[in-house]
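Structure first, commentary second.
The values are calculated or read from the model by the stated rules, or taken from the named source; none is laboratory data. In this text the structure is predicted, and so the values were computed from the model without any measurement. Backbone-built Cβ (ideal geometry, glycine too); neighbour counts: all protein chains shown. SASA here: full protein model, heavy atoms, side chains in, ligands and nucleic acids out. Shrake-Rupley method; radii C 1.70, N 1.55, O 1.52, S 1.80 Å.
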Amino acid sequence: MGGRPDRKSVALRHATTFALLPEIDRPHRDDSPFGTWDFWGGHFTPNDPELMGPAKVKMGLRYTMMARGDKDILEPYGLLDGRDQMAAGRGGNAVPAMVERYAERGDGSYPPNLMLFHENAISGPHISRTPDVFTGADPYQFDENEQERFDNMWNDAMAAAADIREHFPNTEIYFGNGNPHLMEEFLRRGFPKEFFGSRGNEAGSFGRMPETQPLNWVANNAGLFMDRMIMDYYGYEDSPLRQNFEITYPSTNPGNLSPDTQANYFIRHIVHSMAWEIPLIRVGMMTDVGNSYYHSNWGSSGFMFGLPNVSPKPAYVAMATLTQQLDGAQLHRLIEAPDAPTVFMVEFSRRAGGYATVAWTPRGSRTLWIGGSQPSTPQITDKMGNTRDATTADGGFELELSPSPIFIRSEEPLEDITADRPVHRGPPEDDIPSRLVDALDDLSVWTVDAEPNVQLEVFNHKEPRRKGNFNYDLTQIEGPDGEPVVALEVAPQFPVEGRHFMRAYSVLRHAEGLNVEGRPTEIGLMVKGNAGYGRVIFELSDASGQKWISIGAAARGDRPNRWLQDWLGAEEFAKIEGSFQSDWNTNDVWGRSVINFEGWRYLSMPLPGNYPGEGYHWPYSSQWFYDGDGVVHYPLQVDALIFTAPENVLKFTNYEPPADYAFQVRDLRVSDRPVEDIGPE
């Protein structure tokens, strides 16, 4: 207190958390598919089995990287070694050494699976492209160094796989790698199917919503789908999908997800994996790390906080609830609620009898009614393990869905499902100053760009686009409050030229540009969504003439990535100045600009800007491309609204067109919410 007791200032504050779990009831834990990563002392993490062993038991885990696989330490807690060993990918064929180790044991044991490659790539340019299956592009042309690396990887994989088949005939081979690009090159060249075995997907996901769409291969469900498509295309239809020993890292470090959203995402990611019938699902990390790695994409994806305060996050309780509710569960069916595509429901059969259904909606909230044919009232459990009977209503049962999943226990499959209209957030409230930029009720001042936009098409290798054919009309429809309003209807038309996996785009440009007063922090508009997973992209310019587009910051560099030459051809490639490719993880990772909802919702995007003083950029300036000095020079001007739409939507394992491609927008506005109050969600 600096010698002044009267100040009574806080010199130190220490906070912790605790969790009250329901009674442990997992009679089928010995068959559980669930596990997690554990650095076990690395990156300043706990490695005390007497602390972490019981913590994993209470969470219902079966697989772990705890104790480096030491059976004597794991067995008292009913834990199994969850590591997938590498047979090739770290300097040659590692199988002969494994054969010696297992022979020394003398117990006839063998590794349950071995990986060909893990976090290996041919080159930076090669991985910074979209796999050819989805674009129809010609195969990537290796340079001399890339060809040499690929040849060495091929030889290592062939030798390792042959040794596995000879010495460990019952071992499953995972072609395990963090990206699909290497797998495509091997399958394109006819890697033997008996050596390929299965695909070991390793989707990082990070802050992406579990419902993120292809072609974002970093996302969990989209990554599984893309792997399946690549295998099917090259004739490996009988090769199963697997997931590696480290997947899905929703993190809670500054600027990332809230702890509550992390808990929601873990459950939803796992249920998506179960929909693909993945036999081993090892997500996240046991604890956050305690060193600077905490600030990476991976370092704060723990179910618990890190040293020195190892205490539970909401995700710990959510995982414990999931492993208890789905103990011994087997996939029964994917449930579609009529006329409610953003209702996500997966039903599992329980060995003890009856069914367990996991349900949520990605945005807003929604009420469901279940028909009254159930012999008993379903039991509802939230992710924190709180259980209650379903509310009876109109001879049936009422459920309230939100982004936080619920577990529904019932004696019979759920039938006669009816969904009420969704409830979403509206425009900024009175306590957040906002102003209308354009009502979007006059099409005479807007025109559609006729020429292709190369930047929109190839800027981001996880979202390549093709020029679309969109119709724009003014229409009178029911507004958010039930009163009729005039809105701009955006109606994508399919098919259009290009592979159907790629999103179509259209640029609606204002004749003069719309002036924006002040220094706003957010831009948005009201959207009546169609659950079609289209997107709204904003194009602005500032007083210096600098362009700002919400497609992600550009990577550093004086020249574009070499892979673009394959796509554009040498002549067009030579015309490009600057890097002309998005930086990593900057293309609206959190899906704020995506129409992943039905009904009216205020869709907003944080604007770029700079703090006073040294001019450091605002946190979400990273989500914007700019072609100048990266400093916003006010006033801003809205030049164009860019709309995108996929031809098909992926929901769990189903990939098909939405019920309606059209959606409506109105009331483009900006607001002045304090920058520090704008979170990533």
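Here are the numbers for this structure:
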{"quantity": "Positions within the stretch 54-81 being small (Gly, Ala, Ser) and at pLDDT below 95, in sequence order", "calculated": "Ala67, Gly69"}
{"quantity": "Qualifying residue in the stretch 164-176 (condition: under 26 Å from Asn561 (Cβ atoms) and in contact with a Phe, Trp or Tyr (Cβ under 8 Å, 6 or more places away or on another chain))", "calculated": "yes"}
{"quantity": "Test: residue in the stretch 85-102 that is surrounded by fewer than 20 Cβ atoms within 10 Å (Cβ to Cβ), under 28 Å from Asn177 (Cα atoms) and touching a Ser or Thr at 6+ places or on another chain (Cβ under 8 Å)", "calculated": "yes"}
{"quantity": "Residue that is among the hydrophobic types (A, V, I, L, M, F, W, C), under 30 Å from Ala337 (Cα atoms) and open to solvent by 30 Å² or more (accessible area, probe 1.4 Å), where the choices are Phe494, Phe501", "calculated": "Phe494"}
{"quantity": "Residue in the stretch 431-441 that is in a loop (DSSP other than H, G, I, E, B), at pLDDT 95 or above and open to solvent by 40 Å² or more (accessible area, probe 1.4 Å) present", "calculated": "yes"}
{"quantity": "Qualifying residue in the stretch 453-476 (condition: open to solvent by less than 10 Å² (accessible area, probe 1.4 Å) and more than 25 Å from the chain's Cα centre (by Cα))", "calculated": "no"}
{"quantity": "The stretch 668-681, residues that are of a type in the set (D, E, K, R) and either assigned to a loop (DSSP other than H, G, I, E, B) or open to solvent by less than 30 Å² (accessible area, probe 1.4 Å) (or both)", "calculated": "Asp672, Arg673, Glu681"}
{"quantity": "Residue within the stretch 36-55 that is within 30 Å of Pro312 (Cβ to Cβ), in a strand (DSSP E or B) and open to solvent by less than 70 Å² (accessible area, probe 1.4 Å) present", "calculated": "yes"}
{"quantity": "Condition met for Tyr63 (out of contact with any helix residue (DSSP H, G or I) (no Cβ under 8 Å at 6 or more places or on another chain) and open to solvent by less than 50 Å² (accessible area, probe 1.4 Å))", "calculated": "yes"}
{"quantity": "Subset of the stretch 648-667 [within 26 Å of the chain's Cα centre (by Cα) and open to solvent by 30 Å² or more (accessible area, probe 1.4 Å)]", "calculated": "Thr653, Asn654, Tyr655, Glu656, Pro657, Ala659, Asp660, Tyr661"}
{"quantity": "Residue within the stretch 520-539 that is farther than 19 Å from Phe663 by Cβ and touching a helix residue (DSSP H, G or I) at 6+ places or on another chain (Cβ under 6 Å) present", "calculated": "yes"}
{"quantity": "Test: residue in the stretch 628-641 that is among the charged types (D, E, K, R), within 27 Å of the chain's Cα centre (by Cα) and closer than 18 Å to Phe470 by Cβ", "calculated": "no"}
{"quantity": "Odd one out for Val346, checked against (1) at pLDDT 95 or above; (2) exposed (fewer than 14 other Cβ atoms within 10 Å of the Cβ)", "calculated": "(2)"}
{"quantity": "Lone unmet requirement of (1) closer than 27 Å to Thr586 by Cα; (2) part of a loop (DSSP other than H, G, I, E, B) for Pro169", "calculated": "(1)"}
{"quantity": "Restricting the stretch 182-208 to residues that are of a type in the set (A, V, I, L, M) and touching a strand residue (DSSP E or B) at 6+ places or on another chain (Cβ under 8 Å), the residue that is nearest to Pro139 (Cα to Cα)", "calculated": "Met183"}
{"quantity": "Among residues of the stretch 352-378, those that are surrounded by fewer than 18 Cβ atoms within 10 Å (Cβ to Cβ) and in contact with a helix residue (DSSP H, G or I) (Cβ under 9 Å, 6 or more places away or on another chain), counted", "calculated": "0"}
{"quantity": "Test: Val486 is modelled with pLDDT of 95 or more, open to solvent by 30 Å² or more (accessible area, probe 1.4 Å) and hydrophobic (A, V, I, L, M, F, W, C)", "calculated": "yes"}
{"quantity": "Unique residue being touching a residue at least 12 places away in the same chain (Cβ under 8 Å) and either touching a Cys at 6+ places or on another chain (Cβ under 9 Å) or more than 17 Å from Phe245 (Cα to Cα) (or both) when the list is Gly35, Gly53", "calculated": "Gly53"}
{"quantity": "Test: residue in the stretch 281-288 that is under 16 Å from the mean Cα position of the chain (by Cα) and under 19 Å from Gly385 (Cβ atoms)", "calculated": "yes"}
{"quantity": "The stretch 159-190 - residue that is under 24 Å from Arg83 (Cβ atoms) and either among the acidic types (Asp, Glu) or free of Cβ contacts under 8 Å to residues at least 40 places away in the same chain (or both) and, of those, least open to solvent (accessible area, probe 1.4 Å)", "calculated": "Phe186"}
{"quantity": "In the stretch 379-420, the residues that are open to solvent by 20 Å² or more (accessible area, probe 1.4 Å), in contact with a strand residue (DSSP E or B) (Cβ under 6 Å, 6 or more places away or on another chain), among the polar types (S, T, N, Q) and touching a residue at least 60 places away in the same chain (Cβ under 8 Å)", "calculated": "Thr387, Thr418"}
{"quantity": "Whichever residue in the stretch 380-408 is within 18 Å of Met319 (Cβ to Cβ) and outside any loop (DSSP other than H, G, I, E, B) and, among such residues, is nearest to the chain's Cα centre (by Cα)", "calculated": "Ile406"}
{"quantity": "Check on Ile551, crowded, with 20+ Cβ neighbours inside 10 Å and part of a loop (DSSP other than H, G, I, E, B)", "calculated": "yes"}
{"quantity": "Considering residues of the stretch 606-647 that are at pLDDT 95 or above, open to solvent by 20 Å² or more (accessible area, probe 1.4 Å) and among the polar types (S, T, N, Q) only, the residue nearest to Val594 (Cα to Cα)", "calculated": "Gln637"}
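Results for (1) of a type outside the set (A, V, I, L, M); (2) modelled with pLDDT under 95; (3) at negative phi, shown as yes or no for each residue.
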| residue | (1), (2), (3) |
| --- | --- |
| Lys313 | yes, no, yes |
| Gln330 | yes, no, yes |
| Leu334 | no, no, yes |
| Ala340 | no, no, yes |
| Leu399 | no, yes, yes |
| Pro403 | yes, no, yes |
| Ile408 | no, no, yes |
